[in-house]
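These notes concern the structure reproduced below.
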Amino acid sequence: MSKAALAVIATALALSTPAAAAPPRMGIASFEQLRKPLPVPYDEASNALADVAAARRLARRSGKLLIIDLGGNWCLDCRILAGTMETEPLRGWLARRFEIVSVDVGRFDRNLDIPRSYGVTGRLQGVPALLVIDPRTGKLLNPGKIAALADARAMTPQGLADWFGQWRR
């Protein structure tokens, strides 16, 4: 097979993999268009350590990145992010690329051992705080930037989708 043919095949394969596609164009321009009431994404009664371990195993098997979403149901920015993540086409796009697990941090007094286990020291700078993890190595891929979406209400739905688009394998 010629080098040109191999290059065409390699390009086609790269473009067909989930991580190669840009984030979808959002069909909504503002958060006012999200379904109401906004979702309540954090299960305060769950076993967060077990949930994270299970999501990491799934991510490792599927070749996806792991996202640990740390927040609280009292947080408007967390609920706006969750509502945006539930919209189509973003929901399907995320599901093809990431295993996402939500972890309740209460009022910054619960499950803080989880971010610490990925090298996040000190107090969380805000929520939602998203840890992007390579599930094979357990390496935190966004150190120093975990609170980038803590002011989600100041972003557009497309801005949130674009944030997820930067994390590719």
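For every residue, the table says whether it meets (1) buried (at least 17 other Cβ atoms within 10 Å of the Cβ); (2) farther than 12 Å from ILE68 by Cα; (3) in contact with a Gly (Cβ under 9 Å, 6 or more places away or on another chain).
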{"position": "GLU99", "(1), (2), (3)": "yes, no, no"}
{"position": "ASP113", "(1), (2), (3)": "no, yes, no"}
{"position": "ALA150", "(1), (2), (3)": "yes, yes, yes"}
{"position": "ARG153", "(1), (2), (3)": "no, yes, no"}
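Identify, by number, the condition in (1) surrounded by 13 or more Cβ atoms within 10 Å (Cβ to Cβ); (2) of a type in the set (D, E, K, R); (3) touching a residue at least 12 places away in the same chain (Cβ under 8 Å) that LYS145 doesn't meet.
In the conditions (1) surrounded by 13 or more Cβ atoms within 10 Å (Cβ to Cβ); (2) of a type in the set (D, E, K, R); (3) touching a residue at least 12 places away in the same chain (Cβ under 8 Å), LYS145 misses (3) alone.
As an exercise: evaluate ALA50 against (1) in contact with a strand residue (DSSP E or B) (Cβ under 6 Å, 6 or more places away or on another chain); (2) of a type in the set (A, V, I, L, M, F, W, C); (3) loosely packed, with under 15 Cβ neighbours inside 10 Å and give the number of the one condition it does not meet.
(1)
As an exercise: evaluate THR121 against (1) of a type in the set (Ser, Thr, Tyr); (2) surrounded by 21 or more Cβ atoms within 10 Å (Cβ to Cβ); (3) farther than 20 Å from THR156 by Cβ and give the number of the one condition it does not meet.
(2)
Working carefully through the options LEU94, LEU81, find the one that is hydrophobic (A, V, I, L, M, F, W, C), closer than 19 Å to VAL40 by Cβ and touching a Pro at 6+ places or on another chain (Cβ under 7 Å).
LEU81
Just one of ALA22, ALA29, ALA4 is at pLDDT below 95, more than 19 Å from ALA152 (Cβ to Cβ) and assigned to a loop (DSSP other than H, G, I, E, B); which is it?
Result of the check over ALA22, ALA29, ALA4: ALA22.
In region 53-69, how many residues are without any contact (Cβ under 8 Å) to a residue 24 or more places away in the chain and crowded, with 21+ Cβ neighbours inside 10 Å?
The number of residues fulfilling the criteria is 0.
The values are calculated or read from the model by the stated rules, or taken from the named source; none is laboratory data. All values reported here derive from a predicted model rather than from experimental measurement. All Cβ positions, glycine included, derive from the backbone under ideal geometry; neighbour counts span all protein chains shown.
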